[in-house]
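Each remark here refers to the structure printed beneath this line.
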Amino acid sequence: MPEMQSTTAVQPGRGSLIAAAIAAAGASLCCVAPLLFLLLGIGGTWIGSLTALEPYRPLFVATTLLFLLLAFRSLYLMPRRCAPGDACAEPRTLRNQRIIFWTVTVLLVALLTFPYYGAVFL
C-alpha cells in the first residue's frame, strides 16, 4: 500500500513572525492609535487615555525582538526537515519565507521606533 505524502508543509518561522507582529502592534499602540484616530477625524480628550499601555511598552518590545530572533533562528540557523517533494524542500519556498521575514522585520522596526519619529506627524 503506497504511503500518502503530507500535503501540509511546516513553514518555519511563521508563528514567530505572527507573534512578533502582534507584540509590535501592542508596543506601538499607545503612539500609533491616537495618530490613526486623528487621521480618521476621530478626536477628543479621551485620546489622551490611550497611553495607559505605555508602562508595558518595554515588555512588548522585548517580546517582539524575542519572536523575531526565533523566526531568524528558524529560517537561517536550524536545519530544514523536509521530505523530498514537500513544498518546504524547494529553495524557492525558503527564499520567499526569508523575503517575508525581512519585510515584516522592517515594518516591525518602523512600528517599534514610531515614538521617536512620530512627533513629526503629530
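If you check Leu122 against the conditions, is it modelled with pLDDT of 85 or more and among the hydrophobic types (A, V, I, L, M, F, W, C)? No, not satisfied.
Residue pairs whose Cβ atoms lie under 9 Å apart, sitting 6 or more positions apart in sequence or on different chains, and linking a residue in the stretch 52-66 that is assigned to a helix (DSSP H, G or I) to a partner that is of a type in the set (Asp, Glu), do not occur here. Taking the stated definitions as given, is Arg73 part of a helix (DSSP H, G or I), surrounded by 18 or more Cβ atoms within 10 Å (Cβ to Cβ), modelled with pLDDT of 70 or more and more than 12 Å from the chain's Cα centre (by Cα)? For Arg73, the condition - part of a helix (DSSP H, G or I), surrounded by 18 or more Cβ atoms within 10 Å (Cβ to Cβ), modelled with pLDDT of 70 or more and more than 12 Å from the chain's Cα centre (by Cα) - is not met.
Looking at Phe37, Phe101 in this structure, which one is among the aromatic types (Phe, Trp, Tyr), at pLDDT 85 or above and surrounded by 14 or more Cβ atoms within 10 Å (Cβ to Cβ)? The unique qualifying residue is Phe101.
Against the numbered list (1) free of Cβ contacts under 8 Å to residues at least 60 places away in the same chain; (2) over 13 Å from Ser16 (Cβ atoms), Asp86 comes up short only at (1). Can you say whether Arg92 is of a type in the set (D, E, K, R), farther than 25 Å from Leu36 by Cα, in a helix (DSSP H, G or I) and under 20 Å from the mean Cα position of the chain (by Cα), as far as the supplied structure shows? So Arg92 does not fit the description; no.
The values are calculated or read from the model by the stated rules, or taken from the named source; none is laboratory data. This one's a predicted model, so the numbers in the text were calculated from it and none came from an experiment. Because the Cβ atoms are built from the backbone with ideal geometry, glycine has one as well, and the counts that use them run over all protein chains shown.
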